[in-house]
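Trainee: One structure is given below, represented as structure tokens, and several questions about it will come after.
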């Protein structure tokens, strides 16, 4: 059910896309307890020359970065689960991209069940009609 929107400062390759998607599917399933078969990952690659931190491009800094948000229904994950997810995601991207700028972001976005859904039904509807 979650959708992950990912931005990565790297050159796009099918192999890197597949590795990122698999890594995030694993983390989202294992740490947040979400269903793999209902999880979507959308990846956008950004040239490091076009990604700036503190006024300097990542190309100049010779570092990589990432940002992703994952939308989950409010109250379905604990603070500890979210903290673990963010820590493991940072470590995983460090393994995928190499020298990672510390200003790389993960946003676990809690959304209301009445305002979020897929397949034409809200998560609240699914909760009320199992």
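Trainee: Considering only the stretch 1-91, give the strands (runs of 3 or more DSSP E) lying wholly within it that have at least 3 residues that are out of contact with any helix residue (DSSP H, G or I) (no Cβ under 8 Å at 6 or more places or on another chain) and under 24 Å from residue 115 (Cα atoms). Break it down stepwise before answering.
Mentor: On the way: elements: 3-9, 40-46, 66-73.
Result: 66-73.
Trainee: Among the candidates 31, 46, 8, 41, single out the residue that is in contact with a strand residue (DSSP E or B) (Cβ under 9 Å, 6 or more places away or on another chain) and closer than 30 Å to residue 121 by Cβ.
Mentor: 41
Trainee: Now, a different point. Restricting to the stretch 92-110, and then to whatever is assigned to a helix (DSSP H, G or I) and within 21 Å of residue 40 (Cβ to Cβ), can you tell me which residue is farthest from the chain's Cα centre (by Cα)? Can you show your working first?
Mentor: Initially, the stretch 92-110 is screened for residues assigned to a helix (DSSP H, G or I), giving 92-97.
With the extra rule that they be within 21 Å of residue 40 (Cβ to Cβ), the set shrinks to 92-93, 96.
On the way: 92: 11, 93: 10, 96: 14 Å.
Here the answer is 96.
Trainee: Here's a follow-up. Taking the condition out of contact with any strand residue (DSSP E or B) (no Cβ under 9 Å at 6 or more places or on another chain), surrounded by 16 or more Cβ atoms within 10 Å (Cβ to Cβ) and either closer than 29 Å to residue 120 by Cβ or in contact (Cβ under 8 Å) with a residue 60 or more places away in the chain (or both), does residue 23 pass? Even if it seems obvious, please write down each step before you answer.
Mentor: Working: out of contact with any strand residue (DSSP E or B) (no Cβ under 9 Å at 6 or more places or on another chain): yes; surrounded by 16 or more Cβ atoms within 10 Å (Cβ to Cβ): yes; either closer than 29 Å to residue 120 by Cβ or in contact (Cβ under 8 Å) with a residue 60 or more places away in the chain (or both): yes.
Yes; evaluated as a whole, the condition is true for this residue.
Trainee: Condition first: surrounded by 14 or more Cβ atoms within 10 Å (Cβ to Cβ), under 19 Å from residue 36 (Cβ atoms) and within 14 Å of the chain's Cα centre (by Cα). Can you find one or more residues in the stretch 111-126 that meet it?
Mentor: No, the stretch 111-126 contains no residue that is surrounded by 14 or more Cβ atoms within 10 Å (Cβ to Cβ), under 19 Å from residue 36 (Cβ atoms) and within 14 Å of the chain's Cα centre (by Cα).
Read-outs throughout are calculated quantities, based only on the coordinates presented, and are distinct from any laboratory measurement. Keep in mind that what you see is a predicted model, and the values were worked out from it rather than measured. When we count neighbours, we look across all protein chains shown, and the Cβ atoms used for this are built from the backbone with ideal geometry, even at glycine.
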